[in-house]
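Notes follow once the structure below has been shown.
Read the figures in this text as sums done on the coordinates, not as results from a lab. Every value quoted in this text rests on a predicted model; they were computed, and no experiment measured them. In this analysis, Cβ positions are derived from the backbone assuming ideal geometry, glycine residues included, and neighbour counts consider all displayed protein chains.
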């Protein structure tokens with residue numbers, strides 16, 4: 001279990017640092033589910049903490065995707081323009097933090 | 001042909017489902033619970049109507065029905081038994097109502113104008129008119145230029161049966177926001193209800209000048225000319241104008257194709273008008289928007305009481321709404337913000353573990369390092385928080 005979990009974390013981190021355009025939620029959520037089943041040991045807890053941290057990145061990508069979809073429907077929608085700008089301005093900082101996480 | 005009395009604007013507009021309809025329906029199963037909030041006793045009742053095969057949530061205040069709303073079952077709960085579904089819905093409805101009530105104090109104390117407006121929208125959707133009016137009035141006191149709020153507050157006044165107050169308010173709103181087509185359309189509608197036909201036409205025309213593809217205004221103009229034609233059958237131009245605006249409205253609705261044969265009978269036009277008006281009402285997103293507003297307010301002021309499961313359910317509901325023919329940009333914008341906020345539950349969990357678990361020698365340094373990364377990121381995110389626009 002522990003060995004498999006390190007693999008899941010590696011995969012999540014690698015995906016986040018690539019420029020994947022689509023998110024395979026089934027794969028991500030299954031990974032998270034497996035991590036959550038981890039034993040109640042410090043190592044298992046550490047893996048969960050890393051998994052929870054990395055999953056944020058997927059939700060931010062999804063948020064970005066939703067703002068883009070909103071703008072595809074209405075390119076003039078100012079609130080979506082500003083929200084997308086917000087998220088894109090901070091993207092490099094987010095990416096940087098995912099690179100910094102170590103396990 | 002109908003006469004003027006038979007086609008009052010209220011008859012045409014009556015597309016909103018009232019709670020009374022469910023008294024006569026076949027209620028097969030129901031669960032309910034009372035909540036005491038302030039001076040009032042509220043009762044939330046969730047019923048399954050076997051005739052309609054729908055679940056409704058009914059809200060009573062001091063034994064008087066104030067609202068009845070259709071409840072969508074998210075796909076992940078569809079396979080569960082009816083009783084489980086009803087219990088889950090009841091739990092969530094109660095949670096939302098209690099949260100909205102608790103937010104009144106904090107928003108009245110330190111909320112911005114738009115936060116008053118957000119809370120007002122939730123109360124408006126729940127049929128809690130007095131609470132909604134209080135929030136909208138507070139919003140306008142803090143920011144008289146909040147154009148949407150004029151429209152929302154005027155609809156409370158209309159529901160309370162004081163159209164003159166709605167009129168006064170919208171006139172003031174239009175004066176302050178003369179380029180807001182939505183507000184002009186709303187004012188035109190209230191003029192129509194108050195039989196100020198000339199003023200109504202003026203507002204609809206101006207709304208159209210501001211937004212040339214405003215489908216609802218085309219429909220309102222159709223109604224105006226239909227009424228004109230009924231009042232003055234000798235005026236053949238009125239019917240021609242009604243047809244012109246109906247065609248414009250039809251052309252903006254991709255789900256409708258224009259009838260091949262010529263439409264020229266009053267009854268035909270009025271029937272098409274009603275179908276289209278009903279379609280517009282079906283596409284109404286005010287309920288889901290009010291839920292979004294409540295959840296975002298809770299994120300700012302009531303985070304300790306929102307469970308991750310509640311947020312997940314809210315996101316699933318919104319996502320499925322979008323997927324079921326409501327793919328509107330503003331709902332996508334809400335969903336984007338919703339996903340963003342959702343990530344905080346995970347960030348918090350990560351932070352809590354890294355902070356509290358006693359790690360052995362091997363992981364201690366890594367955990368300390370990761371905790372620093374989480375903390376730094378969290379600080380950055382907090383700065384971003386007030387910049388989201390909905």
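Some notes on this structure:
- Cα point-scatterer Debye curve for chain B, base-10 log of I(q)/I(0) at q = 0.10, 0.14 Å⁻¹: -0.78, -1.35
- Pairs of Cα atoms farther than 16 Å apart, segment B:156-262, %: 61 percent
- Linear extension gain, residue B:176 paired with residue B:255, 0.36 nm per residue minus alpha-carbon span: 24.8 nm
- Pair residue A:73, residue B:63: separation of 7 Å Cα→Cβ label points (nm): 4.4 nm
- Averaged over the residues of peptide B:360-370, the number of Cβ atoms from other protein chains lying within 10 Å of each residue's Cβ is 4.
- Estimated [θ] at 222 nm from DSSP helical runs (n ≥ 4, -39500 (n - 2.57)) normalised by residues in chain A, nearest 500: -26500 deg cm²/dmol
- Calculated FRET efficiency for the pair residue B:72/residue A:40, C-beta based, R₀ 41 Å, to 0.05: 0.65
- If you plug the beta carbon distance of residue A:92 and residue B:361 into 1/(1 + (r/R0)^6) with R0 = 22 Å, you get a FRET efficiency near 0.05.
- Note on B:348-357: average number of Cβ atoms from other chains within 10 Å of each residue's Cβ is 5.
- Rounded tilt (10° steps) of B:361-384 against the dominant C-alpha axis of chain B: 30 degrees
- Relative intensity, log₁₀ I(q)/I(0), of segment B:111-156 from a Debye sum that treats every alpha carbon as a point, q = 0.21, 0.24, 0.28 Å⁻¹: -0.51, -0.67, -0.91
- Nearest-ten-degree value, helix B:286-301 long axis tilted from longest Cα axis of chain B: 30 degrees
- Eigen-decomposition of the gyration tensor built on the alpha-carbon atoms of segment A:1-56 gives equivalent ellipsoid semi-axes of 20, 10, 9 angstrom, largest listed first.
- Global geometry of segment B:111-211, whether rounded, prolate or oblate, following the gyration tensor of its Cα atoms and the 1.5 cut on a/c: oblate
- GNM result for chain B, Cα springs below 10 Å: residue of B:85, B:227, B:380 fluctuating most strongly: B:380
- Relative packing of B:33-46, B:240-253, B:279-292, which averages over residues the other C-beta atoms within 10 Å, highest first: B:240-253, B:279-292, B:33-46
- Distance histogram in 5 Å bins (all Cα pairs of segment B:308-361, percent per bin): 5, 17, 21, 17, 11, 9, 7, 5, 4, 2, 1
- Percent of C-alpha pairs per 5 Å bin, segment B:246-390, short to long: 2, 7, 14, 14, 11, 10, 9, 8, 7, 5, 4, 3, 2, 2, 1, 1, 0, 0
- Stokes-Einstein diffusion coefficient of the protein assembly as shown, Kirkwood radius over Cα pairs, 10 °C, 1.306 mPa s, in µm²/s: 62 µm²/s
- Packing-based ranking, highest mean first, of B:355-365, B:123-133 given that Cβ atoms within 10 Å are counted: B:123-133, B:355-365
- Over chain B, dividing the summed -39,500 (n - 2.57) contributions of all DSSP H runs of at least 4 residues by the number of residues returns a 222 nm mean residue ellipticity of -21500 deg cm²/dmol.
- Peptide-level mean, for A:81-92, of C-beta atoms on other protein chains within 10 Å: 3
- Taking 7 Å steps out from each Cα toward its Cβ at residue A:11 and residue B:159 produces label points 4.9 nm apart.
- Peptides A:46-54, B:382-390 ranked from most to least packed, by the mean per-residue count of other Cβ atoms within 10 Å: A:46-54, B:382-390.
- C-alpha long axis of helix A:91-100 to longest principal axis of chain A, angle in °: 10 degrees
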